[in-house]
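S.K.: First the structure, then my questions, so here it is.
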Amino acid sequence: MHLIDSHCHLADSRFDEDLATVLVRSRQAGVTQWVVPVAQQCEWEKLADLLRREAGILAAYGIHPWYAGSFEPDTLERLSLHIKAHRKQTVAVGECGLDFSAGKADVRTQLCWLRAQFDLAEQYQLPLILHAHKSLDILLAELKNRPSLRGVVHGFSGSQQQAERLMEMNFYCGIGTGVTWPNRQRLRDVVAQLPLSAILVESDAPDQPVFAMRGLRNEPAALVSVVEEVARLQGVSADEVAIAVNANAKELFQ
């Protein structure tokens, strides 16, 4: 089994001391490529350095809604120039999106940054890696106005109806480790009904561990557990899931 982790944060400081070992474990588990989104300017050069040192890393650069209230006015221009300078190694714009949980930037500010990154995705003909928390319906409305866009909603936790709307707009559902948690029954029910052609799999490491490793740092190797659980819920083999989700990731990112 060979897998592409469609969303993991290898530039996170929690991997600074042992990233090489983490990637060895990942490769041993069959996870051999990693889409790595970075979400604020201080991480952009760090990811560019990782690209020079490690094979198999695919880069995505963006402005995360968590930090939308703290960016300088010229941040977007700098993001565009950074993508242009690293275009051959950049597979997506993101992580960007909307997050309406308490304490985040106001809706207007978040929408401004999101729409600007929609423009970048169109300019560079790149897919989007989208974050949606308490905001998926509004995000769907924004996407409806931009039919040329494509991408993935990472960490998908929405309804069957929302998943179908994403599919209609050429967006994938990023299914992560939440599917392994018994208390995430709605997600598990939705995943059981999703066509494999609509799914990407992700670890979101170092966050969001699988249920069996709860409380510990997550790693990309855990992606195998996600694939196995998707297969169990759908009543197919893990190899069938792996083949399908890899094809989806290659179609979107390569």
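The values are calculated or read from the model by the stated rules, or taken from the named source; none is laboratory data. Everything quoted here is computed from the prediction, not taken from an experiment. Here the Cβ is made from the backbone with ideal geometry for all residues, glycine too, and neighbour counts use every protein chain on show.
S.K.: If only one of 223, 140, 126, 200 is within 17 Å of the chain's Cα centre (by Cα) and in a loop (DSSP other than H, G, I, E, B), which one is it? First the steps, then the outcome.
M.R.: On the way: 223 fails: in a loop (DSSP other than H, G, I, E, B); 140 fails: in a loop (DSSP other than H, G, I, E, B); 200 fails: in a loop (DSSP other than H, G, I, E, B).
Testing whether each residue is within 17 Å of the chain's Cα centre (by Cα) and in a loop (DSSP other than H, G, I, E, B) leaves just 126.
S.K.: Among 164, 142, which is touching a helix residue (DSSP H, G or I) at 6+ places or on another chain (Cβ under 8 Å) and of a type in the set (Asp, Glu)? If you could, list the steps in order and put the result at the bottom.
M.R.: Values: 164 fails: touching a helix residue (DSSP H, G or I) at 6+ places or on another chain (Cβ under 8 Å).
The conditions single out 142.
S.K.: Still on this structure, please answer the following. Buried (at least 16 other Cβ atoms within 10 Å of the Cβ) and modelled with pLDDT of 90 or more: does that describe residue 118? It would help to see each step written out before you state the result.
M.R.: Values: buried (at least 16 other Cβ atoms within 10 Å of the Cβ): yes; modelled with pLDDT of 90 or more: yes.
Answer is yes for this residue.
S.K.: While we're here: Does residue 157 qualify as being among the polar types (S, T, N, Q), touching a helix residue (DSSP H, G or I) at 6+ places or on another chain (Cβ under 8 Å), assigned to a loop (DSSP other than H, G, I, E, B) and crowded, with 18+ Cβ neighbours inside 10 Å? I'd like the intermediate steps shown before the answer.
M.R.: Details: among the polar types (S, T, N, Q): yes; touching a helix residue (DSSP H, G or I) at 6+ places or on another chain (Cβ under 8 Å): yes; assigned to a loop (DSSP other than H, G, I, E, B): yes; crowded, with 18+ Cβ neighbours inside 10 Å: yes.
So residue 157 passes the test.
S.K.: Just one of 146, 150 is touching a residue at least 60 places away in the same chain (Cβ under 8 Å), surrounded by fewer than 22 Cβ atoms within 10 Å (Cβ to Cβ) and closer than 22 Å to residue 198 by Cβ; which is it?
M.R.: Working: 146 fails: touching a residue at least 60 places away in the same chain (Cβ under 8 Å).
Step by step, each of 146, 150 is checked, and only 150 is touching a residue at least 60 places away in the same chain (Cβ under 8 Å), surrounded by fewer than 22 Cβ atoms within 10 Å (Cβ to Cβ) and closer than 22 Å to residue 198 by Cβ.
S.K.: For residue 5, only one of the following conditions fails: (1) over 24 Å from residue 132 (Cα atoms); (2) at pLDDT 95 or above; (3) surrounded by 15 or more Cβ atoms within 10 Å (Cβ to Cβ). What is its number?
M.R.: Only one criterion in (1) over 24 Å from residue 132 (Cα atoms); (2) at pLDDT 95 or above; (3) surrounded by 15 or more Cβ atoms within 10 Å (Cβ to Cβ) is unmet by residue 5, namely (1).
S.K.: Regarding the stretch 48-57, can at least one residue be identified that is under 30 Å from residue 136 (Cα atoms), in contact (Cβ under 8 Å) with a residue 12 or more places away in the chain, outside any loop (DSSP other than H, G, I, E, B) and outside the structural domain of residue 202 (by TED's automatic domain parsing)?
M.R.: Keep residues of the stretch 48-57 that are under 30 Å from residue 136 (Cα atoms), which gives 57.
Now restrict to residues that are in contact (Cβ under 8 Å) with a residue 12 or more places away in the chain: 57.
Now restrict to residues that are outside any loop (DSSP other than H, G, I, E, B): 57.
Remaining after also requiring outside the structural domain of residue 202 (by TED's automatic domain parsing): 57.
Yes, some residue in the stretch 48-57 is under 30 Å from residue 136 (Cα atoms), in contact (Cβ under 8 Å) with a residue 12 or more places away in the chain, outside any loop (DSSP other than H, G, I, E, B) and outside the structural domain of residue 202 (by TED's automatic domain parsing).
S.K.: Look through 121, 116 and report the one residue that is over 17 Å from the mean Cα position of the chain (by Cα), among the small types (Gly, Ala, Ser) and in the same structural domain as residue 39 (by TED's automatic domain parsing). Steps first, please.
M.R.: Working: 121 fails: over 17 Å from the mean Cα position of the chain (by Cα).
Criteria check complete, one pass: 116.
S.K.: Identify the single condition in (1) assigned to a strand (DSSP E or B); (2) more than 18 Å from the chain's Cα centre (by Cα) that residue 231 does not satisfy, given that it satisfies every other one.
M.R.: Unmet condition: (1).
S.K.: Related question: Do we find a residue being at pLDDT 95 or above, of a type outside the set (S, T, N, Q) and surrounded by fewer than 20 Cβ atoms within 10 Å (Cβ to Cβ) anywhere in the stretch 171-180? Explain how you work it out, then say what you get.
M.R.: Residues of the stretch 171-180 that are at pLDDT 95 or above, as a first pass: 171-180.
Now narrow it down to the ones that are of a type outside the set (S, T, N, Q): 171-176, 178-179.
If we keep only those that are surrounded by fewer than 20 Cβ atoms within 10 Å (Cβ to Cβ) too, we end up with none.
So far as the stretch 171-180 goes, no, none of its residues is at pLDDT 95 or above, of a type outside the set (S, T, N, Q) and surrounded by fewer than 20 Cβ atoms within 10 Å (Cβ to Cβ).
S.K.: Confirm whether residue 202 is modelled with pLDDT of 95 or more, over 28 Å from residue 137 (Cβ atoms) and outside the structural domain of residue 60 (by TED's automatic domain parsing). Step through it out loud before you land on a result.
M.R.: Numbers: modelled with pLDDT of 95 or more: yes; over 28 Å from residue 137 (Cβ atoms): no; outside the structural domain of residue 60 (by TED's automatic domain parsing): yes.
When the stated conditions are applied, residue 202 does not pass them.
S.K.: For the stretch 29-47, which residues satisfy the criterion of being in a helix (DSSP H, G or I) and more than 12 Å from residue 3 (Cβ to Cβ)?
M.R.: Taking the stretch 29-47 as the starting set, the residues that turn out to be in a helix (DSSP H, G or I) are 29, 41-47.
If the condition is that a residue be in a helix (DSSP H, G or I) and more than 12 Å from residue 3 (Cβ to Cβ), then 41, 42, 43, 44, 45, 46, 47 are the ones that fit.
S.K.: Within the set of pairs 6 or more residues apart or between chains, which connect a residue that is in a helix (DSSP H, G or I) inside the stretch 58-82 to a residue that is among the hydroxyl-bearing types (Ser, Thr, Tyr) and surrounded by fewer than 16 Cβ atoms within 10 Å (Cβ to Cβ) with Cβ atoms less than 6 Å apart?
M.R.: 68/109; 69/109
S.K.: Can you report the number of residues in the stretch 124-135 which are farther than 15 Å from residue 166 by Cα and either crowded, with 18+ Cβ neighbours inside 10 Å or in the same structural domain as residue 176 (by TED's automatic domain parsing) (or both)?
M.R.: Number satisfying all stated conditions: 1.
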